[in-house]
Amino acid sequence: MKKSFSWGLSVVLALTIFVTGCNGGKSASDQKTNTMAGDSKTVSTAPKAGGTLSVEINADPPKLDPSFSTALVDRQVFQSIFDKLVDTDASGKIVPMLAEKWEVSDDQKVYTFKLRQGVKFHDGTDFNAEAVKFTFERNMEKNSVRRNEILEVEKVTVSDPYTVAVQLKKPFAPFLSILTDRAGMIVSPEAVKKYGDDFINHPVGTGPFIYKDRVKGTSVTLEKNPNYWQKGMPYLDKVVYKVFTDSNVALTNQKSGQVDITTNFPFKEINNMANDPNIKVINQAGQGYQGIHLNTSKAPFSKKELRQAVDLMIDRDALVKVALSGAATPAHSPFAPSQFAYGDSDKYDKPNLEKAKELLKKAGKPDGFAFTLKIGTTPTNQQVGEMIQNMLKPAGITVNLEKVEFGTLLEQAKSGNHESVQVGWSGRPDPDQNIYEFAYTGASNNYSQYSNPEVDRLLKAGRDEGNETKRKAIYNDLMKILNDDDEYVYLWHSNNVFGISKAVQGFKYIPDGLIRTATISK
C-alpha cells in the first residue's frame, strides 16, 4: 500500500525567527524560546497592497540559478523568484507548494507527485510535469552543484501533464526535505534553453516576484508577479535586495528608513535595540551549529577520556552570553529545536573540574596535556578561542590557538592536518543532513577522522527508515554514543538575528531562516 500525503492548498510562507539562550544542565524539553524585542508572533492588520520592500543582504548573490548556487545569500533571493515542489512550515514540517500532494511506495523508493494546475512561469510558459522532469535531470548533470544532493535519484517519469514519479536507487528518508531548498526549485525549461549559461542573470521561476535587474555589488530588484497562483498574493509591488557588507552600516540605513529588513543584525546591538519602537529584533535558533572537531586518529584525542574532559570543561552559556551577545543557543547535539530529532541529547552539563580531573587521570594525564586548536581569523573566532583557553586551564589543559584563513582552515580540516579545529555547519531541515556526513566513516565532512561501526549502522538506518517516530528513536540511540565518544564538541546552535521595521507586516516563522515575501506587506 502506498502512503499518501496531502494538506490544504495554502502554503505557509514566512520569515525565520530565532531562539535565545538556554540554561545549562536543563533537559532540551525545559529550554525556553525567547525573543530579545517583542513577541515572535506578529499581530497584523489586513494586508495593504502595493509598496516596495527593501531587504538587506550581506553580499552580492553570485549565481541566481538554483542548479549552480553555493551561497546562502542566493537562497534569500530565490525565495521570491522560485517556488519549490514542497516547503517547510513554522513547525519544520513539510507542506505542499507546487506539488499539491504525493504518495510514497511501500518500498520507500518511488515518490509520485500530483502537481498544482494552472501555474505559469514568469515567461508565460506552463508549469507541468515535464518542467519538473527537466529540472531534476538538469540537477542530475555532472556540472550541477545539486547533483550530490539528489544522488539517490535514478530516474524521473511523467505519467500525465500533472503527475510525475521520482524513482530512487534505494530508500532515502531525507529526500522530501532536500526538495524544500534549491534542489526542489523548479525552473522554466524554455528560459534555460533560451539563455543557456546566462540563466544565472535571467532567472525564471513561478514565484511571487519576477526578476527585473541588478546592479552588481549594490542591489537586486524584483517586481510583482501579477499571475501568481496564490490568490491575492503577493501584496508588494517590488522587493529590492540591497547589499551591505557591514551590518552596522545596514542598521544605520534601517534607522533612516532606507532598509525595511536587515538579515545580518549586529549582535552587540541586540540589547541596545530591545525597547526601540521602530525596529523589532528577532533572535532565534537556526538549523546550524558550531563546535570543535577533535582528531580521534592521533594523540592526544585518540583517547576518549581526554575528549570528554575538554567537552566537560566548556561553559556554553558563558560563550553565548559573552562572545555572541546572546545571539546563539547553547547546544550539545547537531539537532536544532525545529527538527524532529531534537531532544534530550541537546542537554549539557555545567563545567565540572573534579570529574574532568578524574577523566585525565584515567587517560594517564593526571597533570593535564596540551593541544593546538585551529580557529578562523574573525574577532569572534579569537574571543571564543581565548575563552575556551581560559575554561580548560584549571584542569591543566593548555590550548594553543592557531589562527588560519577560512579556506585554508577547511582544507586542513579535510586533510586531517590538525589536532582540533573549530568548524561549524549552516544546517539543513532534516536531521540526516546535520549529522551523516560528519560522523559516518570516511564521509566528506568527518574532520574528526572518527569511525564507529555502530554509528555507521545507525546513520544508515536513519536514512532508510521512513517513519518519523522510528527515525527519532534511531537518532536518540545515535546521540547516546556520540555524546559519549565526544569526537565533536557541540557548542551552540547558530541564531539568525533580524531587524524588522515597524511598517513591515505579515511574518510567520520558518526555521530555515529564509524570508518568504509573498505574505509580506507594508
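The values are calculated or read from the model by the stated rules, or taken from the named source; none is laboratory data. In this text, all values refer to a predicted model and were calculated from it rather than measured experimentally. Every residue, glycine as well, gets a Cβ built from its backbone with ideal geometry; the counts of neighbours run over all protein chains shown.
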Residues satisfying the stated conditions in the stretch 368-389, i.e. over 18 Å from L294 (Cβ atoms) and either without any contact (Cβ under 8 Å) to a residue 12 or more places away in the chain or in contact with a helix residue (DSSP H, G or I) (Cβ under 8 Å, 6 or more places away or on another chain) (or both): T377, T378, P379, T380, Q383
The stretch 395-438, residues that are in contact with a strand residue (DSSP E or B) (Cβ under 8 Å, 6 or more places away or on another chain) and under 30 Å from T469 (Cβ atoms): G424, W425, S426, G427, R428, P429, N434, F438
Within the stretch 427-455, considering residues that are assigned to a loop (DSSP other than H, G, I, E, B) and of a type in the set (S, T, Y), the one surrounded by the most Cβ atoms within 10 Å (Cβ to Cβ): S448
Those residues of the stretch 161-182 which are among the aliphatic types (A, V, I, L, M), in a loop (DSSP other than H, G, I, E, B) and over 17 Å from M97 (Cβ atoms), in sequence order: A173
Number of positions in the stretch 395-419 that are within 30 Å of R182 (Cβ to Cβ), in contact (Cβ under 8 Å) with a residue 12 or more places away in the chain and part of a helix (DSSP H, G or I): 6
Tally of residues being farther than 12 Å from I435 by Cβ, surrounded by 24 or more Cβ atoms within 10 Å (Cβ to Cβ) and modelled with pLDDT of 95 or more across the stretch 333-347: 1
Within the stretch 269-297, tally of residues that are crowded, with 21+ Cβ neighbours inside 10 Å, part of a loop (DSSP other than H, G, I, E, B) and not β-branched (V, I, T): 1
Scope the stretch 270-289; condition at pLDDT 95 or above and either among the acidic types (D, E) or in contact with a Phe, Trp or Tyr (Cβ under 7 Å, 6 or more places away or on another chain) (or both); matching residues: Y289
The one condition in (1) assigned to a helix (DSSP H, G or I); (2) within 30 Å of P96 (Cα to Cα); (3) not β-branched (V, I, T) that L251 fails to fulfil: (2)
Where a residue in the stretch 321-333 is more than 19 Å from V281 (Cβ to Cβ) and its partner, wherever it lies, is assigned to a loop (DSSP other than H, G, I, E, B), with Cβ under 7 Å and at least six apart: P330/G21; P330/C22; P330/G24; P330/Y348; H332/K347; H332/Y348
Filtered residue count, the stretch 389-426, keeping only those that are modelled with pLDDT under 95, surrounded by fewer than 18 Cβ atoms within 10 Å (Cβ to Cβ) and hydrophobic (A, V, I, L, M, F, W, C): 2
Candidate set from the stretch 432-450 (those that are without any contact (Cβ under 8 Å) to a residue 40 or more places away in the chain and over 24 Å from D512 (Cβ atoms)); member that is nearest to the chain's Cα centre (by Cα): N446
Residue in the stretch 420-431 that is out of contact with any Leu (no Cβ under 7 Å at 6 or more places or on another chain) and without any contact (Cβ under 8 Å) to a residue 24 or more places away in the chain present: no
Exclusive hit being modelled with pLDDT of 95 or more and at positive phi, set D432, D486: D486
Any hit, the stretch 149-160, residues being at pLDDT 95 or above, under 21 Å from A341 (Cβ atoms) and either part of a loop (DSSP other than H, G, I, E, B) or in contact with a strand residue (DSSP E or B) (Cβ under 8 Å, 6 or more places away or on another chain) (or both): yes
Some residue of the stretch 496-518 being hydroxyl-bearing (S, T, Y), in a helix (DSSP H, G or I) and buried (at least 20 other Cβ atoms within 10 Å of the Cβ): no
Filter result (touching a residue at least 40 places away in the same chain (Cβ under 8 Å) and either surrounded by fewer than 21 Cβ atoms within 10 Å (Cβ to Cβ) or more than 20 Å from M140 (Cβ to Cβ) (or both)) within the stretch 63-73: K63, L64, F68, T70, L72
The stretch 105-135, residues that are more than 30 Å from G462 (Cβ to Cβ) and among the hydrophobic types (A, V, I, L, M, F, W, C): V119, F121, F127, A129, A131, F134
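Which residue, of R147, R182, is under 22 Å from the mean Cα position of the chain (by Cα), more than 25 Å from N225 (Cβ to Cβ) and not acidic (D, E)?
After applying the criteria, what remains is R147.
Can D477 be described as more than 22 Å from the chain's Cα centre (by Cα) and buried (at least 19 other Cβ atoms within 10 Å of the Cβ)?
Answer is no for this residue.
Of everything in the stretch 74-101 that's of a type in the set (D, E, K, R) and in contact (Cβ under 8 Å) with a residue 12 or more places away in the chain, which residue is surrounded by the most Cβ atoms within 10 Å (Cβ to Cβ)?
Per the criteria, the residue is D83.
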